[in-house]
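What follows is a single structure, written as structure tokens, with notes after it.
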Ligand SMILES: C[S@@+](CC[C@H](N)C(=O)[O-])C[C@H]1O[C@@H](n2cnc3c(N)ncnc32)[C@H](O)[C@@H]1O
Ligand code: SF4
């Protein structure tokens, strides 16, 4: 039964961190369009900022992030100068009445920044934008990068949430993904950020990695649990060597197959829930006291480019090479190539090169997909209150899918479309039923499980 479900529902589909998804972005959304969108952010609206630092001092072979390996610091210094120009230009266009409520430093490895640069970057943000009194400041950390001055700089910029890449602790797995990181060192990083007042620690871990077995994964889960992180992201390794050449260093014959991946995912999820973590959406776990678990219970969980989030800002502004923003009018992406990004930022400030304006149908389908990914159900009454008679199309698509489905992955329950416990691991595949762009064949995705 399980194998036939896997063969039917673990095909390649988007991760739905946006809708329409990135392959449907086009060049029509350029710096001029973006400037208009930024100008229309009004006073009183909340803004969330995402800053991308596309550099790492190690290259992990599994990595699918947009990053470059560098052992020299000079390229980073040059990049930061351009980034500051973009920050100033974006800040000039946005109303001073709009308030920044969240800042996320992502990458790559923002922890590669020198302490003074980290503090200088935060100062540029505070100069360009108006900050709310309480701001969530989160940083993606490579535990490998950290030292005392960096911890102090992270505390000085007001970091409230630390997200550590762990992946797996087993030496065979670490060798196969070119990422050596001991448990003791990782623990020292968790202790150090907590000692500096960080209230929330997240650990990223992966299943489906080379040489991973149920035993090695269980050991990693036990180790991670001993760190008592507030949140854990449990991602399936996305093997996309056609996009990321360095992943060819990972031999496919040592990768767990789709059935083994499914067993691994369930094993890790069960261990985390038995230890008191609440399952959040398809790939997150949080202690009941964590804001993400609270948001899920209160129906406030959202999904954006960073995955699951509690961020309720009306506008997410992406800064830096390749970063993606989500504004009320649509999505916008900056130039991914670092050199070209720098030229654009140095010459005019903005570096938007593609995006998509969302239509009313996109907004409705985006909500449908977000409900499926975050809450595993649709309320047709709720959707109708928001989108009116257009929801009839969704009801009919849901009915056709539920009635033709023999596997009990979803069902119609009065005025609701509900994903069953059997169907939850396949939420991406079920969400894809409502994706009206998928049939045009753009984009190639990782497997859904
Ligand atoms: C920017 S990285 C983490 C921060 C930091 N650079 C580090 O490695 O510790 C963000 C996360 O994306 C996840 N990730 C990267 N490549 C992935 C892939 N191919 N499949 C699934 N998750 C991946 C990893 O769990 C990683 O921790
Ligand atoms: S996993 Fe982190 S440190 Fe490793 S290459 Fe990717 S972004 Fe860099």
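For the range 154-172, a tally of residues being on the phi < 0 side of the Ramachandran plot, away from ligand 2 (no atom under 16 Å from the Cβ) and surrounded by fewer than 22 Cβ atoms within 10 Å (Cβ to Cβ) returns 8.
Residue 417 passes every criterion in (1) in a helix (DSSP H, G or I); (2) buried (at least 18 other Cβ atoms within 10 Å of the Cβ); (3) not assigned by TED's automatic domain parsing to the domain that holds residue 90 apart from (1). If you go through the range 46-72 and pick out every residue that is away from ligand 1 (no atom under 12 Å from the Cβ) and in a loop (DSSP other than H, G, I, E, B), you end up with 3. Of 101, 17, all but one fail to be surrounded by fewer than 21 Cβ atoms within 10 Å (Cβ to Cβ) and at pLDDT 95 or above; the exception is 101. From the list 275, 279, 268, 286, the lone residue that is within 26 Å of residue 178 (Cα to Cα) and at pLDDT 95 or above is 268.
Close Cβ contacts (under 9 Å, 6 or more residues apart or on different chains) running from residues in the range 40-69 that are without any contact (Cβ under 8 Å) to a residue 40 or more places away in the chain to residues that are more than 7 Å from ligand 2 (Cβ to nearest atom) and part of a loop (DSSP other than H, G, I, E, B) comprise 69/57.
Restricting attention to the range 138-172, and to residues there that are within 13 Å of ligand 1 (Cβ to nearest atom) and part of a helix (DSSP H, G or I), which single residue is nearest to residue 53 (Cα to Cα)? Going through the qualifying residues, I end up with 145. Under 7 Å by Cβ, and 6 or more places apart or on different chains, what pairs join a residue from the range 72-86 that is surrounded by 15 or more Cβ atoms within 10 Å (Cβ to Cβ) with one that is at pLDDT below 95? Sorted first by the residue in the range 72-86, then by its partner, the pairs are 85/349; 86/349. Hey, could you check the range 173-187 for residues that are outside any loop (DSSP other than H, G, I, E, B) and within 16 Å of ligand 2 (Cβ to nearest atom) and say which is farthest from residue 237 (Cα to Cα)? This residue is 185.
The rows are residues; the columns are (1) more than 16 Å from ligand 1 (Cβ to nearest atom); (2) in a loop (DSSP other than H, G, I, E, B); (3) under 29 Å from residue 310 (Cβ atoms).
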position: 38; (1), (2), (3): yes, no, yes
position: 42; (1), (2), (3): yes, yes, yes
position: 86; (1), (2), (3): yes, no, yes
position: 90; (1), (2), (3): yes, no, yes
position: 116; (1), (2), (3): yes, no, no
position: 119; (1), (2), (3): yes, no, yes
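In summary, residue 188 fulfils each of the numbered conditions (1) away from ligand 1 (no atom under 13 Å from the Cβ); (2) over 23 Å from residue 277 (Cα atoms); (3) exposed (fewer than 15 other Cβ atoms within 10 Å of the Cβ) with the single exception of condition (2). The single condition from (1) surrounded by 19 or more Cβ atoms within 10 Å (Cβ to Cβ); (2) assigned by TED's automatic domain parsing to the domain that holds residue 92 that residue 299 fails is (1). Considering only residues in the range 374-383 that are touching a residue at least 40 places away in the same chain (Cβ under 8 Å) and not in a strand (DSSP E or B), the one that is nearest to the chain's Cα centre (by Cα) turns out to be 374.
Would you confirm whether or not the range 127-138 contains a residue that is within 18 Å of residue 233 (Cβ to Cβ) and more than 12 Å from ligand 2 (Cβ to nearest atom)? Yes, the range 127-138 has at least one match. Taking the criterion of being in a strand (DSSP E or B) and surrounded by 22 or more Cβ atoms within 10 Å (Cβ to Cβ), the residues of the range 202-235 that qualify are 202, 203, 205, 206, 207, 231, 232, 234.
The values are calculated or read from the model by the stated rules, or taken from the named source; none is laboratory data. What you are looking at is a predicted structure, and each value in this text was computed from that prediction instead of being measured. Cβ: placed from backbone, ideal geometry, glycine included. Neighbour counts: every protein chain shown.
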